[in-house]
Amino acid sequence: MQAASSSSAGSQDYVDDPRNDAALISVNGVLAPRAEAKVSVFDSGFVLGDGVWEGLRLNDGRIAFLDQHFDRLWDGAKMLRIDIGLSRAALAERLFDVIEANAMRDGVHIRLMVTRGVKRSPYQDPRLTVGAATIVIIPEWKRPRPEMLARGLDLFTVHVRRTGPAEQDQKLNSHSKLNCVLACIQAMEAGADEALMLDDRGFVATCNSTHFFILRRGELWTSGGGYCLGGITRDAVLRAARRAGLVAREKDFSLFDVYGADEAFCTGTFAGLTPVAKVDGRPIGDYPREASDASGPLTKQLRALYKALEAEEARGRA
């Protein structure tokens with residue numbers, strides 16, 4: 001049974017692009033039309049959620065923060081004892097091969113997925129895997145809906161908590177996202193765009209698919225990081241802020257601090273910095289909002305700093 005529909009489209013909603021219907025997908029290096037791209041029903045990713053992935057952004061022919069994304073991908077594969085089977089240079093070549101095959105250059109989001117590979121039988125033991133890892137690359141023309149920037153995100157604090165490293169280390173960007181999916185469902189049923197998730201102590205951790213920041217009295221705060229993915233955009237925002245001389249703290253804070261924040265925003269590879277207008281029905285900040293951008297003044301400054309760093313560290317084909 002499908003979950004009940006919500007008036008919100010969610011923080012990951014995008015502008016439909018008909019070019020995606022004919023996009024080519026890379027499955028283990030072989031390009032196939034979108035409708036024909038397939039993996040086995042015995043694949044570890046399908047059977048168990050046994051794999052790691054990255055979301056990448058292509059702007060002006062270059063992939064933003066590709067080195068950092070590869071660092072996280074290889075760290076996750078090492079934790080799961082998955083042999084990717086390609087060097088970083090070879091995987092980068094495969095990425096740019098599919099990008100060029102689709103004549104893509106700008107406004108593109110890429111999902112790069114690596115699973116343990118095909119199983120002899122649908123059991124969890126890694127020793128039942130036969131053959132090499134499965135590597136899938138899905139590039140799509142995707143731009144965030146402008147109305148999301150215009151009105152800002154509506155967040156809802158859910159009861160589903162982020163687990164600590166003793167349960168499942170949140171640094172691992174695994175295919176299994178049920179914890180986040182359950183949080184997203186609760187937020188959706190409440191009519192919100194995204195779930196704000198707490199850690200097991202009650203401090204703010206992250207959102208179900210983005211990272212969360214607040215601005216208080218000129219300081220930038222985000223969680224300490226022990227209960228959230230090591231976000232690439234999150235890290236870039238912190239680095240850009242500190243390079244500009246702003247105070248940027250990774251620390252424990254609670255909903256008390258959130259409700260009294262001057263500004264708030266979420267970060268992610270897909271949309272960059274997106275303003276947060278409400279948390280649990282409470283308006284955030286009392287600054288004047290433009291018709292096309294609900295961001296506060298410091299959020300706008302940070303977005304410009306982030307975009308400059310993104311352009312500086314983006315990589316094209318070698």
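The values are calculated or read from the model by the stated rules, or taken from the named source; none is laboratory data. As the structure is a computational prediction, the values presented were derived from the model and not from experiment. Virtual Cβ from ideal backbone geometry, glycine too; neighbours counted across all protein chains shown.
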Qualifying residue in the range 77-90 (condition: under 23 Å from residue 313 (Cβ atoms), in contact with a helix residue (DSSP H, G or I) (Cβ under 6 Å, 6 or more places away or on another chain) and touching a residue at least 40 places away in the same chain (Cβ under 8 Å)): yes
Subset of the range 19-76 [free of Cβ contacts under 8 Å to residues at least 60 places away in the same chain and among the small types (Gly, Ala, Ser)]: 22, 32, 35
Number of the exception - residue 93 against (1) on the phi > 0 side of the Ramachandran plot; (2) surrounded by fewer than 20 Cβ atoms within 10 Å (Cβ to Cβ): (1)
Residue 274 among the hydroxyl-bearing types (Ser, Thr, Tyr), under 30 Å from residue 91 (Cβ atoms) and not in a helix (DSSP H, G or I): yes
Criterion (buried (at least 22 other Cβ atoms within 10 Å of the Cβ) and either among the aliphatic types (A, V, I, L, M) or at pLDDT below 95 (or both)) met by exactly one of 304, 240, 291: 240
Hits in the range 75-87 (condition: of a type outside the set (Val, Ile, Thr) and either touching a Leu at 6+ places or on another chain (Cβ under 9 Å) or under 20 Å from residue 27 (Cβ atoms) (or both)): 75, 76, 77, 79, 80, 83, 85, 86, 87
Flag for residue 204 being touching a strand residue (DSSP E or B) at 6+ places or on another chain (Cβ under 7 Å) and closer than 22 Å to residue 265 by Cβ: yes
Search result, residues across the range 124-137 that are loosely packed, with under 15 Cβ neighbours inside 10 Å and without any contact (Cβ under 8 Å) to a residue 40 or more places away in the chain: 125, 127, 130, 131
Matching residues, the range 254-271, being surrounded by fewer than 18 Cβ atoms within 10 Å (Cβ to Cβ) and of a type in the set (Phe, Trp, Tyr): 256, 259
